[in-house]
1. Given the structure, is residue 323 surrounded by fewer than 19 Cβ atoms within 10 Å (Cβ to Cβ) and touching a residue at least 24 places away in the same chain (Cβ under 8 Å)?
2. Give the residue, chosen from 14, 32, that is surrounded by fewer than 16 Cβ atoms within 10 Å (Cβ to Cβ), in contact with a helix residue (DSSP H, G or I) (Cβ under 8 Å, 6 or more places away or on another chain) and closer than 25 Å to residue 280 by Cα.
3. Does residue 318 satisfy the condition of being in the same structural domain as residue 266 (by TED's automatic domain parsing), crowded, with 21+ Cβ neighbours inside 10 Å and within 24 Å of residue 291 (Cα to Cα)?
4. Would you point out which residue out of 117, 124, 112, 68 is surrounded by 12 or more Cβ atoms within 10 Å (Cβ to Cβ) and under 25 Å from the mean Cα position of the chain (by Cα)?
5. Which residue, of 356, 300, is surrounded by 20 or more Cβ atoms within 10 Å (Cβ to Cβ) and without any contact (Cβ under 8 Å) to a residue 60 or more places away in the chain?
6. Any idea which of 127, 113 is closer than 26 Å to residue 217 by Cβ and either in the same structural domain as residue 272 (by TED's automatic domain parsing) or at pLDDT 95 or above (or both)?
7. Step by step: first the residues of region 279-288, then only those that are without any contact (Cβ under 8 Å) to a residue 60 or more places away in the chain and crowded, with 18+ Cβ neighbours inside 10 Å, then the one that is nearest to residue 21 (Cα to Cα). Which residue is that?
8. Identify, by number, the condition in (1) in a loop (DSSP other than H, G, I, E, B); (2) free of Cβ contacts under 8 Å to residues at least 40 places away in the same chain; (3) more than 25 Å from residue 314 (Cα to Cα) that residue 37 doesn't meet.
């Protein structure tokens, strides 16, 4: 079938721009009520029956016939065998990508993840103690596609943070194991791997079963059932985020080859019919060239149907009055991926406040960030970049305040604390502070 892709053509100078813009951006994150009900049932069942429930759901949903959950745990030897069995080019690519991801997160840890303390004039010690989580669970999608890059992006920063144990779950429908995913688990240092998925895997990680250990935090993307389960177990365990469809926003000044930009728009559209690809550019003639490249290149894409539906349903080519206005609109969108396709990207980067990741310059395709540039590809979506950040070392650490008050400090601070405590009507607080003061 011949597919066509005609993203909405908008202009900020049009009278109806605002309404059309809002309509194009709208995406409902509300999960279907039937999904919510089914997830609630699965979580409750796993919490009550443990291994037996996880095994039942896994056999049913993934068309398996495992006799026990223990059969669905892969050994370290199996992970290494998967790595050893890859073509040399894939082994080298995995190791190179992992090394860059590890290097970036090591730098991130040094910048923001170390303990610190100081003593004030009274000799009291104040500081912060940073410690890693004991055990985390990472969910890696399986089924329609394999995502070894997701293994690296979740497991490597956890390892860099010093997490004691990394438990990975990945569904293997019909028992089909992807060697590249298993090899990535080997390269990234995953401690234990279970071939289970869906809401039952999230429940097993959150509550613990006879075979799957309970974790402190769950990270990684999944389908609507996985997202709903993560939302429901939050508070029992930590989670990274609830991710929506993938997004890319390209700010272009007309200097980048239009076929590059068209392909960059494809790179997110091919994920999902609900993915969003938007171009902001002040040059109408350049936008025409990008549309022409979309028309020319689409037929040669293996996922042309998905790309077509994504661009037709949620894509947009928007003509702005200027690059400054394009930056203002970008801040309103707060995209997951933001490319600055410009001769001078550093001129515009200071104007951009909200984005999961910013890709500077024509040679920096978003796909490099997905696989091997180094920064994490688990990013906030659906405008949540206004208040949240990419997955990082800090997601696998926690902070404890350190307070050691000297005798002189107790005398000085006690008077302040007692005054405030009496004002709040909390006499025991006040007395506890006063007992340590010199009479």
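The values are calculated or read from the model by the stated rules, or taken from the named source; none is laboratory data. All values reported here derive from a predicted model rather than from experimental measurement. All Cβ positions, glycine included, derive from the backbone under ideal geometry; neighbour counts span all protein chains shown.
1. Details: surrounded by fewer than 19 Cβ atoms within 10 Å (Cβ to Cβ): no; touching a residue at least 24 places away in the same chain (Cβ under 8 Å): yes.
No; evaluated as a whole, the condition is false for this residue.
2. Numbers: 32 fails: closer than 25 Å to residue 280 by Cα.
None of the others qualify; the one that does is 14.
3. On the way: in the same structural domain as residue 266 (by TED's automatic domain parsing): yes; crowded, with 21+ Cβ neighbours inside 10 Å: yes; within 24 Å of residue 291 (Cα to Cα): yes.
Considered against the rule, which asks whether it is in the same structural domain as residue 266 (by TED's automatic domain parsing), crowded, with 21+ Cβ neighbours inside 10 Å and within 24 Å of residue 291 (Cα to Cα), residue 318 comes out as yes.
4. Details: 117 fails: under 25 Å from the mean Cα position of the chain (by Cα); 124 fails: under 25 Å from the mean Cα position of the chain (by Cα); 68 fails: under 25 Å from the mean Cα position of the chain (by Cα).
Criteria check complete, one pass: 112.
5. Values: 300 fails: surrounded by 20 or more Cβ atoms within 10 Å (Cβ to Cβ).
The conditions single out 356.
6. Working: 113 fails: either in the same structural domain as residue 272 (by TED's automatic domain parsing) or at pLDDT 95 or above (or both).
Result: 127 is the single residue among 127, 113 that is closer than 26 Å to residue 217 by Cβ and either in the same structural domain as residue 272 (by TED's automatic domain parsing) or at pLDDT 95 or above (or both).
7. Selected residue: 280.
8. Unmet for residue 37, out of (1) in a loop (DSSP other than H, G, I, E, B); (2) free of Cβ contacts under 8 Å to residues at least 40 places away in the same chain; (3) more than 25 Å from residue 314 (Cα to Cα): (1).
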